Structures are given as structure tokens and as C-alpha cells.
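Engineer: Have a look at this one.
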Amino acid sequence: MHDPLRLVHDALERARTASSDYDLNPETVLPPGRKLRPAGVLVPILCDGASARIYLTKRSSALKHHPGQIAFPGGKQDEADADIVTAALREAHEEIGLAPANVEVLGQMPSHETVTGFMVTPVVARVKAPFEPRPEPGEVEEIFEVPLMHLLDCAQFSIQARRWRGNWRKYYTVPFGPYYIWGATARILRVMADAAEAQ
């Protein structure tokens, strides 16, 4: 029986390489000197004995960036945020009602560049005690949980493709029940899964 948090700690220690929405599309030519906006997302893990689960959100279809997609709670770093961890904690509090005092930050995963021009830093954290998730109206359509071990199993991932701006773009997916987890969220989770499985 695996200790879920031990696997997460191992992943945090082993993961070193930044990821990108372009990883599976090496033919993409990125403009030199491009400006990426810093953002932080929280990977909130609630442990219950030997099991653990991660909270994810389904974004509102009215949002400008990634409408209707599955995402970690989080967003861009504001000027008032002391650092990227502060930004991730603030956004998680606003989006799902998770109080910063109920969070133990375990570490950060390597950054991830999105096609929408963000440099996203995943902040991995343990939720200290169960809480009542509260979706932020206008931004979050739904909050749901996925077993951590499902997301740390590389066999659950697949590579798919769709047309984007006239070209085919490949991306990772890691479906769970009715939820189609793909894109940046799935890519970040794949980095964690790879690092957790590494010997």
C-alpha cells in the first residue's frame, strides 16, 4: 500500500523540468522575447487515512481564458501578492472557499507555460481538515474530487489532438468519470505522475 503523501513528496523532489502546452508539438516556433504573465495554481490534496484526493474545478463557460475547462484553483499573480504561493492561496480561497489557514504548503512543481501566455507555477499543498467547497459565482461552475492515485497513474493518461488556430495540436488527457481533464491541467498532473513513478 502506497503512502499518498510520500509519493507526492517524492514527486516534488524529483520533478525538475518545466513543462509547456507545446511539449507534444515540437514543430511550434515560439516568438523570442515573449512576455509571460506569472500565475499560481493550488494542487490541494485532502488525505483520509491511506486514501487521498485532489480538488479540481470546472471553470465557468463565461470566462475569457479556458472557459468550461477543468482546472486547479488559481490565477494570475497580482501586484499585491507577496509571491506566487500567496497568489495560489488567495485564488483558492476565492474560487473554492479553501482558507489559507487550512493549508500546509508542501512545495512547488516546475513551472508550466500555457498557450494563453501564462507561466503557471503549481503549488502543491495538503488540506489539513475537510471543508465545505464553495464555488465562486461567475468563475467556477463546479468543484469535484479525483482520487490522487488515479492522477498519479501514468496508465490513465493518453495523448489526443484537436485543431487549434488552423493546426493540429497534441495534448495530454486524464479522464475521470464525466470529467474530461486535458491541456495544461493534465500536463501538470503528468509531470507529477512521471516524477512519482520514477525510480
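The values are calculated or read from the model by the stated rules, or taken from the named source; none is laboratory data. What you see is a predicted model, and the numbers here were worked out from it, not measured in a lab. Here the Cβ positions follow ideal geometry from the backbone for every residue, glycine too, while neighbour counts run over all protein chains shown. These accessible areas exclude ligands, DNA and RNA; they are computed on the full protein's heavy atoms, side chains included. Shrake-Rupley method; radii C 1.70, N 1.55, O 1.52, S 1.80 Å.
Engineer: Of the heavy-atom accessible surface of the chain (probe 1.4 angstrom), what whole percent is carbon and sulfur? Walk me through the intermediate numbers first.
Structural biologist: Values: 5190 of 10000 Å².
That share works out to 52 percent.
Engineer: Roughly how many whole Å is it from the C-alpha centroid of the range 131-163 to that of the range 1-75?
Structural biologist: Taking the Cα centre of each part, the range 131-163 and the range 1-75 sit 10 Å apart.
Engineer: Treating only the Cβ of Lys, Arg, Asp and Glu as charged (+1, +1, -1, -1), what charge dipole size does the chain show about its Cα centre? Round to the nearest 20 debye. Walk me through the intermediate numbers first.
Structural biologist: Details: 22 positive and 25 negative charges, 154 e Å.
The dipole magnitude comes to about 740 debye.
Engineer: Starting from the amide H of S20, placed 1.01 Å from N in the peptide plane, find each other amide H under 5 Å away whose residue is 5 or more places distant or on another chain.
Structural biologist: Close amide H contacts, sequence-distant or interchain: E113.
Engineer: Further question on the same structure: At 0.36 nm per residue, minus the direct Cα-Cα distance, what do L24 and Y179 gain on full extension? Give it in nm, one decimal, please. Write out the running numbers ahead of the final one.
Structural biologist: Values: separation 155, 0.36 × 155 = 55.80 nm, distance 2.20 nm.
Value of the extension gain: 53.6 nm.
Engineer: Something else now. Mind checking the per residue accessible area of the chain for me, 1.4 Å probe, whole number of Å²?
Structural biologist: Working: 10000 Å² over 199 residues.
That works out to 50 Å² per residue.
Engineer: Give the whole-number value, in cubic angstrom per residue, of the convex hull volume spanned by the C-alpha atoms of the chain. Don't skip to the end; give the middle numbers.
Structural biologist: Details: hull volume 26.0 nm³, N = 199.
Normalising the Cα hull of the chain by residue number yields 131 Å³.
Engineer: Using a 1.4 angstrom probe on the protein heavy atoms only, line up L148, L106 by accessible area, largest first.
Structural biologist: Values: L148 0, L106 35 Å².
The residues order as L106, L148, largest area first.
Engineer: Let me check something: with ligands and nucleic acids excluded, how do K58, K76, K35 order by accessible area (1.4 Å probe), largest to smallest? If you can, show how the numbers build up before the last one.
Structural biologist: On the way: K58 60, K76 105, K35 180 Å².
So the residues, ranked largest to smallest area, are K35, K76, K58.
Engineer: To the nearest 0.05, how large is the calculated FRET efficiency for R163 and T17 if R₀ is 25 Å and r is the Cβ-Cβ distance?
Structural biologist: Values: r = 28 Å, r/R0 = 1.11.
For R163 and T17, the calculated efficiency is 0.35.
Engineer: With contacts defined as alpha carbon pairs under 8 Å and 6 or more residues apart, what's the relative contact order of the range 70-167 in percent?
Structural biologist: On the way: 100 pairs, mean separation 20.0, N = 98.
Once normalised by length, the contact order is 20 percent.
Engineer: What FRET efficiency, computed as 1/(1 + (r/R0)^6) with R0 = 22 Å and r the Cβ-Cβ distance, is obtained for C154 and E104, rounded to the nearest 0.05? List each step's numbers first, then the result.
Structural biologist: Details: r = 26 Å, r/R0 = 1.20.
The computed FRET efficiency comes out at 0.25.
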